[in-house]
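What follows is a short report on a single structure.
The values are calculated or read from the model by the stated rules, or taken from the named source; none is laboratory data. Source: prediction; values computed, not measured. Cβ placement follows ideal geometry from the backbone for every residue including glycine, while neighbour counts extend to all protein chains displayed.
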Amino acid sequence: DGGITQSPKYLFRKEGQNVTLSCEQNLNHDAMYWYRQDPGQGLRLIYYSQIVNDFQKGDIAEGYSVSREKKESFPLTVTSAQKNPTAFYLCASSSMTSGSTDTQYFGPGTRLTVL
Amino acid sequence: AQSVTQLDSQVPVFEEAPVELRCNYSSSVSVYLFWYVQYPNQGLQLLLKYLSGSTLVKGINGFEAEFNKSQTSFHLRKPSVHISDTAEYFCAVSGSSSNYQLIWGAGTKLIIKP
């Protein structure tokens, strides 16, 4: 089955630690995205990548980093510089054949809690 | 900057009753409009999207939405809801003013009362 997988489903972090969230897709999509979801605020874009070895900051990139070494993988690192990292993180991908009209397909999400 | 407003944070309705979830966006030369659904503790799934053409768009699970350019609205409707429709619904817009990235509304929780 084609789709997007995110791991782990739940992640607990101590303050001051970096953690990496995994996102893998087998849809052969060019574009991948990371969103943060907080209650009552909708989705906010952290980073996106339209091609391997290239990525752009979204609206709330501070305290996060990404890499795109392979087309199918787009891991997100939440660094200790992120002041309030407790949230639900969603990864998405799209084909980029039509630009802004492409449907984004989402993974099941990772819930990060800072202890 | 482009923005999306979902006017209701929660909408309670009785099972088998009709429902409308409201979405308004800031005006732009050209926009593309989307509705996504999120079931509890899951990712989002596309319900429907408006790109061009007919202003009435039909989606999955019996949902439909109407694009109204003069009122800058894209309200989602279903004539008869089921308990399985319990979820959070997100409206999103993209266009040239957002560099073709999706701008998301805050979401509306649909609560089905038995």
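Residues B:58, B:109, B:78: which one is in contact with a helix residue (DSSP H, G or I) (Cβ under 6 Å, 6 or more places away or on another chain) and modelled with pLDDT of 95 or more? Even if it seems obvious, please write down each step before you answer.
On the way: B:58 fails: in contact with a helix residue (DSSP H, G or I) (Cβ under 6 Å, 6 or more places away or on another chain); B:109 fails: in contact with a helix residue (DSSP H, G or I) (Cβ under 6 Å, 6 or more places away or on another chain).
That would be B:78, the only listed residue that is in contact with a helix residue (DSSP H, G or I) (Cβ under 6 Å, 6 or more places away or on another chain) and modelled with pLDDT of 95 or more.
Can you name every residue in the range B:33-55 that is away from chain A (no Cβ under 11 Å) and among the β-branched types (Val, Ile, Thr)?
Hit for the range B:33-55 is B:55, nothing else.
For the range A:66-114, which residues satisfy the criterion of being farther than 25 Å from residue A:28 by Cβ and not β-branched (Val, Ile, Thr)?
Once the filter is applied, which keeps residues that are farther than 25 Å from residue A:28 by Cβ and not β-branched (Val, Ile, Thr), the range A:66-114 yields A:80, A:81, A:82, A:83, A:84, A:85, A:87, A:88, A:111, A:112.
Looking only at the range B:3-32, filter to residues that are part of a strand (DSSP E or B) and within 10 Å of another protein chain (Cβ to nearest Cβ); which one of those is surrounded by the most Cβ atoms within 10 Å (Cβ to Cβ)? Steps first, please.
Step one: of the range B:3-32, the residues part of a strand (DSSP E or B) are B:4-5, B:10-14, B:19-21, B:24-25, B:31-32.
Then drop every residue that is not within 10 Å of another protein chain (Cβ to nearest Cβ), which leaves B:4, B:31-32.
On the way: B:4: 22, B:31: 24, B:32: 21.
If we take residues in the range B:3-32 being part of a strand (DSSP E or B) and within 10 Å of another protein chain (Cβ to nearest Cβ), then B:31 is surrounded by the most Cβ atoms within 10 Å (Cβ to Cβ).
In the range A:1-112, which strands (runs of 3 or more DSSP E) lie fully inside it and hold 1 or more residues that are touching a residue at least 24 places away in the same chain (Cβ under 8 Å)? Don't jump to the end; show me each part of the working.
Values: elements: A:4-7, A:10-13, A:19-25, A:31-37, A:43-51, A:54-57, A:64-66, A:76-78, A:87-94.
Passing ranges, in order: A:4-7, A:10-13, A:19-25, A:31-37, A:43-51, A:64-66, A:76-78, A:87-94.
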